[in-house]
1. Being modelled with pLDDT under 95, surrounded by fewer than 20 Cβ atoms within 10 Å (Cβ to Cβ), part of a helix (DSSP H, G or I) and of a type in the set (A, V, I, L, M) is the requirement here; does residue 100 meet it?
2. Is it the case that residue 134 is surrounded by fewer than 20 Cβ atoms within 10 Å (Cβ to Cβ), in the same structural domain as residue 176 (by TED's automatic domain parsing), in contact (Cβ under 8 Å) with a residue 24 or more places away in the chain and more than 25 Å from residue 285 (Cβ to Cβ)?
3. Kindly provide the set of residues from the stretch 196-223 that are in a loop (DSSP other than H, G, I, E, B) and surrounded by fewer than 21 Cβ atoms within 10 Å (Cβ to Cβ), ordered by number.
4. Quick check on this structure: which one of 263, 203 is at pLDDT 95 or above and not assigned by TED's automatic domain parsing to the domain that holds residue 14?
5. Select the helices (runs of 4 or more DSSP H) contained entirely in the stretch 16-90, then report the ones holding at least 2 residues which are in contact (Cβ under 8 Å) with a residue 60 or more places away in the chain.
6. Could you please give the count of residues in the stretch 1-33 that are modelled with pLDDT under 95 and touching a His at 6+ places or on another chain (Cβ under 6 Å)?
7. Identify all residues within the stretch 33-54 that are in contact with a Ser or Thr (Cβ under 6 Å, 6 or more places away or on another chain) and surrounded by fewer than 24 Cβ atoms within 10 Å (Cβ to Cβ); write none if there are none.
Amino acid sequence: MTSIHIPVMLSEVLDLIKPQAGKTYIDVTLGGGGHTKALLEASAPTGRVFALDWDAGTIESAEAQLGRTYSRLTLIEGNFADIGELVGESADGILFDLGLSSDQLADMERGFSFTSDSLPDMRMSPKGRPAYQLLQKGGEEEIADVLYEYGGERLSRRIARAIVSAGKRGEELSAKRLASLVAKCYRPGRHRIHPATRTFLALRIWANDELTNLKAGLEGACGLLNLRGRLLVISYHSLEDGLVKRYFRGLAGKESGGRFELLTKKPLKPTPDEVRENPRARSARLRVIERVA
């Protein structure tokens, strides 16, 4: 199936990684393959690219679309938290494009969308824990804490109470029904974003253990960087960006022994033109660090 995902901040990524022939690059979040393909083309004819994804279907699709064309591409199914074990060799540039791809959002069976009639599964991989099972097993306090901590949801306790009450009534919450339930916890009227946005984000992070995986992935990626190699991370919400910011600043501090240099004092943002053409890029933030010793 052809991907509908548009790679975010593609020109900035290429400008910062500076792909070259004979070098090695890793795209740890393959997704629709847009960044991977661009790295392959920019590093022709001898640049090598490793592309990881937790989703077996994504790997299969990329094999059909890219693997048959580019012999320099190595596709790997796995969680980027295990990047050191999965790749096992050094690289000159590594890219993390975090968040949800348009392809995953469009897959109604996975329950990422507010309009899906399926259960809110929300897993990046079948090996994870479905969000709906976590909701069924979680108590009101635990669910409220998750919504507040991971989603910044100020009505977390009210929403958690509504979710648990629905479960006690024997109601099976589809993603659409869950979104409606959350919306009813808000006052009627127009909202800048859908009322269920923070809840769905929190549940997705919970189901996939995203923050723990991200920290492990960053540590593993830094261990693979060659001298003058660069690590780029595109994040889409404050928890991710804050984690990356603190980690990068720590690496660029004295405790790292001067091995890394922070290239972005403040995160880069997509241009207004890109946001107009691809509204899902609007919350993207790009940070970059380079190994200098």
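1. Numbers: modelled with pLDDT under 95: yes; surrounded by fewer than 20 Cβ atoms within 10 Å (Cβ to Cβ): yes; part of a helix (DSSP H, G or I): no; of a type in the set (A, V, I, L, M): yes.
It is false that residue 100 is modelled with pLDDT under 95, surrounded by fewer than 20 Cβ atoms within 10 Å (Cβ to Cβ), part of a helix (DSSP H, G or I) and of a type in the set (A, V, I, L, M).
2. Working: surrounded by fewer than 20 Cβ atoms within 10 Å (Cβ to Cβ): yes; in the same structural domain as residue 176 (by TED's automatic domain parsing): yes; in contact (Cβ under 8 Å) with a residue 24 or more places away in the chain: yes; more than 25 Å from residue 285 (Cβ to Cβ): yes.
Yes: the conditions hold for residue 134.
3. Within the stretch 196-223, the first condition is being in a loop (DSSP other than H, G, I, E, B), and the residues that meet it are 196, 209, 223.
Hits for the stretch 196-223 are 209, 223.
4. Numbers: 263 fails: not assigned by TED's automatic domain parsing to the domain that holds residue 14.
The unique qualifying residue is 203.
5. On the way: elements: 34-42, 56-62, 83-87.
So the answer is 56-62, 83-87.
6. 3
7. 48, 54
Conditions (1) part of a helix (DSSP H, G or I); (2) farther than 17 Å from residue 114 by Cα, marked per residue:
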position: 154; (1), (2): no, yes
position: 160; (1), (2): yes, yes
position: 166; (1), (2): yes, yes
position: 179; (1), (2): yes, no
position: 182; (1), (2): yes, no
position: 187; (1), (2): no, yes
position: 190; (1), (2): no, no
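The values are calculated or read from the model by the stated rules, or taken from the named source; none is laboratory data. The structure displayed is predicted, hence computed values, not measured ones. Glycine also receives a Cβ, built like all others from the backbone with ideal geometry; neighbour counts cover every protein chain displayed.
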